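Accompanying notes for the structure given below.
The values are calculated or read from the model by the stated rules, or taken from the named source; none is laboratory data. Quantities reported herein were computed from a predicted structural model and do not represent experimental measurements. In this analysis, Cβ positions are derived from the backbone assuming ideal geometry, glycine residues included, and neighbour counts consider all displayed protein chains.
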Amino acid sequence: MWKDLDLEQMAEEENRYSPPRPPDEVEAITAMAWWELYNRGQPCGLRPLRKRLREFYHLRPLPSERTLGHIVERHGVPYRERR
């Protein structure tokens, strides 16, 4: 099983350059990821959100936690709901 993995190709795909996304697209992806975490009952604070954006959505460059907080706030997420 492990011998069938092409580690060079996996590393290349992981580190491939992707052009930055437009700010409105980053904002939409961030809000969608937050609601996804929230609806699944998973921790949806800024650190778990940033981790989700990096690992699942492969968003690069990642917004700072402060920027993520502003985005989430603009999309109407009440402060008490941020865990």
Give me the residue from the stretch 24-34 that is surrounded by 14 or more Cβ atoms within 10 Å (Cβ to Cβ) and not β-branched (Val, Ile, Thr) and, out of that set, nearest to residue 73 (Cα to Cα). 31
Check 61, 43 and return the single one that is in contact (Cβ under 8 Å) with a residue 40 or more places away in the chain and within 24 Å of residue 12 (Cβ to Cβ). 61
For the chain, which fully contained helices (runs of 4 or more DSSP H) count at least 3 residues that are modelled with pLDDT of 80 or more? 23-39, 46-55, 65-74
